[in-house]
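Below you'll find the structure, written out as structure tokens, and then a few comments.
The values are calculated or read from the model by the stated rules, or taken from the named source; none is laboratory data. Predicted model only: the values in this text are computed from it and were never measured. Using ideal geometry, Cβ is built from the backbone for each residue, glycine included, and neighbour counts are taken over all protein chains shown. All accessible areas refer to the heavy atoms of the entire protein, side chains included, with ligands and DNA or RNA removed. Shrake-Rupley method; radii C 1.70, N 1.55, O 1.52, S 1.80 Å.
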Amino acid sequence: MNTLLHAFLKRTIRKGSIEVVDSSGKSHSYGDGTLTPVRIQFNRPSAERNVILFPGLKLGEEFMNGGLDFEVGSIYDFMETIFINTEGRDPTTLMKIGSNLRFATRRLRQFNTARRSKRNVAHHYDLDGGLYDLFLDGDKQYSCAYFEDDQPDLDAAQLAKKRHLAAKLALQPGMKVLDIGSGWGGLGLYLADRCGVDVTGVTLSEEQHAVSNRRALERGLADRARFLLQDYRKVKGPFDAIVSVGMFEHVGVNHYRRFFDVCRNLLTPDGVAVIHSIGRFDGPGDTNVWIQKYIFPGGYIPAVSEVVPAIEKAGLKITDMEILRMHYARTLREWRNRFLAARDKVKAIYDERFCRMWEYYLVGSEISFRYWDLMNFQIQLTRHQHALPITRDYMFEAERALRIKDRRIEERESLKVAGE
């Protein structure tokens, strides 16, 4: 067995039960026998060497490419055990050097021009549409849900997320709303339907653009909800409200000031914007190298400390901020469970390597939100401080009203289905 890998596991794994079968067939055990047992089989010596020398990239690559397999337990159980044993510990000198080098060069990887942004979006969001149908909720919300209780109901939590955002926008019927990064149109259609507003959504994904407009037609909302294949920097205003969910992670640190300049210029004087994004608790950093290469090229999860200066320089005012802890960990767990349940269908669309790649992506993401320093934030912005009431009561009242409306519509649709 690779000497460095053996030394790392022996020194690190105090809790848990990890058995490693090396490429020569010899078994090695680590931990105190607690937690979920894991047995990992290395299929070639190079895999042992790679995962200890370049873990941020090579653990995922070796799992994808068959360099290692899990005979007992899963990649989730293995990574959870590693995180539990390393949580709060300082990284090794080698990891610090690699992290510092990536941080120093991160702006090059995040130089997201309009053309490069479209290419990056296509890499992830223009995959076969059937893939996302297999693990997302019925409305195809591909961002952090909002769990109002302990029930693991993904559809209910995604509906609650839309209510939560709508309440923060202080909408009135007839308002013009811009949805930056509108996905498959679910949020925009919800706002048009429930709040009676006129919605323009923009996306760089051709797949999402086609699906969004088709859904608007099918629901009879095309007259007040349209979706454009357009970069947010090309949009013409003004708008009474702007919402952006899960898109800011694709902007890149070089472009934060431009993003908020655009938001300010597009808002009416009394307009309100709400930005929903993944964030990091531990300050500025860089994107995991495996995620950057295989999942979200050009992407970056910002620290709030990086976002606020750009907001201030753009002349916008933060009127509310909320940190969502653990909601994304729960969302990702639901996605992962659904993905694994539909694994054979995913394999029929793509192949075994793709299945392993996406399992690793969902596992690593959930672990990061559950045990590491990731969260979600929602920042509400205005051009001046008199645009909104001075207490948050209006948010709670709007959310309660939308909850009642959602419940009535659900009951009406249930009766309709039962009658059919």
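Below, the figures for the structure above:
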item: Conditions (1) open to solvent by 70 Å² or more (accessible area, probe 1.4 Å); (2) touching a Lys or Arg at 6+ places or on another chain (Cβ under 9 Å); (3) modelled with pLDDT of 95 or more; number of the one not met by Glu19; result: (1)
item: Any hit, the stretch 362-369, residues being more than 16 Å from Ile278 (Cα to Cα), small (Gly, Ala, Ser) and in contact (Cβ under 8 Å) with a residue 40 or more places away in the chain; result: no
item: Options Phe260, Phe281: the member that is buried (at least 20 other Cβ atoms within 10 Å of the Cβ) and either of a type outside the set (A, V, I, L, M) or in contact with a Cys (Cβ under 7 Å, 6 or more places away or on another chain) (or both); result: Phe260
item: Residue count, the stretch 1-46 (criterion: charged (D, E, K, R) and either outside any loop (DSSP other than H, G, I, E, B) or in contact with a Cys (Cβ under 9 Å, 6 or more places away or on another chain) (or both)); result: 4
item: Members of the stretch 398-408 found to be without any contact (Cβ under 8 Å) to a residue 60 or more places away in the chain and not hydrophobic (A, V, I, L, M, F, W, C), listed by number; result: Arg400, Arg407, Arg408
item: Of all residues making up the stretch 1-16, the number that are in contact with a Phe, Trp or Tyr (Cβ under 8 Å, 6 or more places away or on another chain), on the phi < 0 side of the Ramachandran plot and surrounded by 19 or more Cβ atoms within 10 Å (Cβ to Cβ); result: 2
item: Condition met for Asp282 (farther than 23 Å from Lys161 by Cα, free of Cβ contacts under 8 Å to residues at least 12 places away in the same chain and part of a loop (DSSP other than H, G, I, E, B)); result: no
item: Qualifying positions in the stretch 22-57 - open to solvent by 20 Å² or more (accessible area, probe 1.4 Å) and either under 19 Å from Cys355 (Cβ atoms) or among the aliphatic types (A, V, I, L, M) (or both); result: Leu35, Gln41, Asn43, Ile52, Leu53, Leu57
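For every residue, the table says whether it meets (1) modelled with pLDDT of 95 or more; (2) within 25 Å of Met375 (Cβ to Cβ); (3) open to solvent by less than 40 Å² (accessible area, probe 1.4 Å); (4) part of a loop (DSSP other than H, G, I, E, B).
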| residue | (1), (2), (3), (4) |
| --- | --- |
| Lys118 | no, no, no, no |
| Leu127 | no, no, yes, yes |
| Asp137 | yes, yes, yes, yes |
| Lys140 | yes, yes, yes, yes |
| Ala145 | yes, yes, yes, yes |
| Asp149 | no, yes, no, yes |
| Ala156 | yes, yes, no, no |
| Lys162 | yes, yes, yes, no |
| Leu165 | yes, yes, yes, no |
